[in-house]
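This report refers to the structure that appears directly beneath it.
Throughout, read-outs are computed from the coordinates displayed, never taken from laboratory work. Keep in mind the model is a prediction, meaning the values are calculated, not measured. Here the Cβ positions follow ideal geometry from the backbone for every residue, glycine too, while neighbour counts run over all protein chains shown.
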């Protein structure tokens, strides 16, 4: 992890704390980053050095406007406008880890084919906390490629219970 | 002596009156004998040494020529022997060279045959390996395609059969399994 990534993550954390909406900003940045990672066209547009910064920022504002806090939009716009869109996932992950670490928690990125309700997220967080013996916060990404079940990544640990994973295992045995 | 002979001859000439046509006169015989002796003496005194020397020279020359001829013949014989020996050596050398050339040619022929056989064997082995590898690749490709198609088919079946209730059940199972394990 570079010092620049750390710097952006620390700055975002400071802004979120100053706004007093750390959890909501975490969710906004997490969701936008997962969308950014999963959409090739968006990723190519925001990382295109030939595209003017104002145009990149307007794309971010179009996508996030009304769906996210202004502070979240401003943070993503600042990163994209500075030409650091390619480092966005790393910056946001560091930001999430730092925020969770402040609460003595760790972030579990969970991928699911369908959205999880509050109860499921709470029970999943409790189960992951019990399994890893750490306080875990769950961030859910809806990913149809999972097919069914869940995939949780906590740091370097991946707990894969997806149908996709089972099919891949089956493929290996054929 | 000569005067006595002359006197005797004169007296004898007085006594003989008729001469015989076959037998010469005594004085002729005497004079003839004297002339013969004179000629003999002169020849013996002057000519004989020259004749003898000439004969000796001739003899020496002939002897020298014979010796020279003998020497030349001997030398010729020796040279002939030398040439014959050289010829024999040359024949031996030629035979040896031919034999060596034949052996070298035989060695080269055997090497070429061995190399050709080795090359042919290598080509056969390589071709066999290539065929085997291609067969294995084809089999692996077929297996991979069968595997991909099977998984693709399974995915479609799973997608069609994974209704919301099943999805929720899978999520619940995951939560229960993860909650029951310690890492």
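Descriptive notes on the structure:
- Over all Cα atoms in the range A:1-65, the spread is summed up by Rg and Dmax: 13.2, 36 Å.
- The range B:102-164: C-alpha pair distances exceeding 16 Å, %: 69 percent
- If you model the range A:78-174 as an ellipsoid using its alpha carbon gyration tensor, with each semi-axis the square root of five times an eigenvalue, the axes come out at 25, 19, 13 Å, biggest first.
- Relative frequency of Cα-Cα separations exceeding 28 Å in the protein assembly as shown, percent: 73 percent
- Principal-axis tilt of helix B:48-161 within chain B, Cα atoms, nearest 10 degrees: 10 degrees
- With respect to chain B, whose longest principal axis is taken over its alpha-carbon atoms, helix B:2-15 is tilted by about 60°.
- Value at 222 nm in deg cm²/dmol, rounded to 500, when DSSP H runs of n ≥ 4 in chain B each add -39,500 (n - 2.57): -32500 deg cm²/dmol
- Residue B:23 versus residue A:4: modelled label distance in nm, points set 7 Å from Cα along the beta carbon direction: 17.6 nm
- Here the label points at residue B:91 and residue B:53, each 7 Å from Cα along the C-beta direction, are separated by 5.6 nm in the simple model.
- Simple spin-label estimate for residue A:174 and residue B:114 gives 5.4 nm between the two label positions (7 Å along the Cα-to-Cβ direction from each Cα).
- On Cα atoms only, tilt of B:164-179 relative to the major axis of chain B in degrees: 70 degrees
- The Kirkwood hydrodynamic radius of the range A:86-141, based on inverse pair distances between different Cα atoms, is 11.9 Å.
- Computed [θ] at 222 nm, helices only, for chain A once each DSSP H run of length n ≥ 4 contributes -39500 (n - 2.57): -19500 deg cm²/dmol
- Spherically averaged projected area of the convex hull of Cα atoms, the range B:144-183: 4.0 nm².
- Rounded to whole Å, the principal axis extents of the Cα atoms in the range B:6-145 read 174, 30, 13, largest first.
- Using the Stokes-Einstein relation with a Kirkwood hydrodynamic radius computed over Cα pairs, the translational diffusion coefficient of the range A:39-110 at 10 °C and a viscosity of 1.306 mPa s comes to 121 µm²/s.
- Given R0 = 35 Å, the distance between the Cβ atoms of residue B:173 and residue B:133 translates into a calculated FRET efficiency of 0.20.
- Under Stokes-Einstein, with the Kirkwood radius over Cα pairs as Rh, the value for the range A:7-143 at 25 °C and 0.890 mPa s is 158 µm²/s.
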